[in-house]
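Here's the structure, in C-alpha cells; my notes come after.
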Amino acid sequence: MNSEFLNIKEGANVGELYDPAIEIAKTGDKEKAKKYFQALVKYALEMSKVERPEDNIDEEEMTRIVHSNIGYWAGYHDKGTIEKVHAVYGSAHPVFGTTTPTSTEAFNMGLELGKKWKAEGKINK
C-alpha cells in the first residue's frame, strides 16, 4: 500500500476516515482516490477482524461497504461534491443513489425504507 495513506489511526471516527476521501474527490485525482480507497478497505478489513471477527467479512464485501460509506458521507455535502464523489469513486449513497433529494423527498424515502424494514422484521418497533 502507498505509504502516503498509512496514517489512518486505529479507532478513527467516520469523519477522520471519509473526510479525506471527499477532499480527494474534490480534486478529481482518480489515482490518489484509488490508493486511498484501497487503504480504507484494508483498514476496515483489519478493524473488522478485531472488532467483529464473527462477521467474517471478505474483501469483496468490505469494498461494497466502503463504497456505501463514502456515498453516505458525501450525502452531507453539496450536489457538486456528491457528483465528484460518484465520478471519482463510483460510490453512491446507500438510500439516495446518485440523486440529491430535497429534504421532503429524503424524509419520504427514509419513511418508506423504514416501513420496508419493519415488514421484513429488521425493525422491531
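Every number here is computed from the coordinates shown, using simple stated rules; none is lab data. Nothing here was measured: the structure is a model prediction, and the numbers come from that model. Neighbour counts run over all protein chains shown; Cβ positions are idealised from the backbone, glycine included.
So the values come out like this:
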{"quantity": "Magnitude of the charge dipole, the chain, Cβ model with Lys/Arg +1 and Asp/Glu -1, debye to 20", "calculated": "340 debye"}
{"quantity": "From the coordinates shown, mean projected area of the Cα convex hull in nm² corresponds to which of (i) 8.8; (ii) 7.2; (iii) 10.6", "calculated": "(i)"}
{"quantity": "The chain: calculated mean residue ellipticity at 222 nm from DSSP helix runs of at least 4, using -39500 (n - 2.57)", "calculated": "-21000 deg cm²/dmol"}
{"quantity": "Residues Met62, Met109 arranged by fewest to most Cβ contacts within 10 Å", "calculated": "Met109, Met62"}
{"quantity": "Most fluctuating residue given options Ser68, Ser91, Ser48, as computed from a GNM of the chain linking Cα atoms under 10 Å", "calculated": "Ser48"}
{"quantity": "Under 26 Å from the Cα of Lys115 - lysines, other chains or at least 8 residues apart", "calculated": "Lys125"}
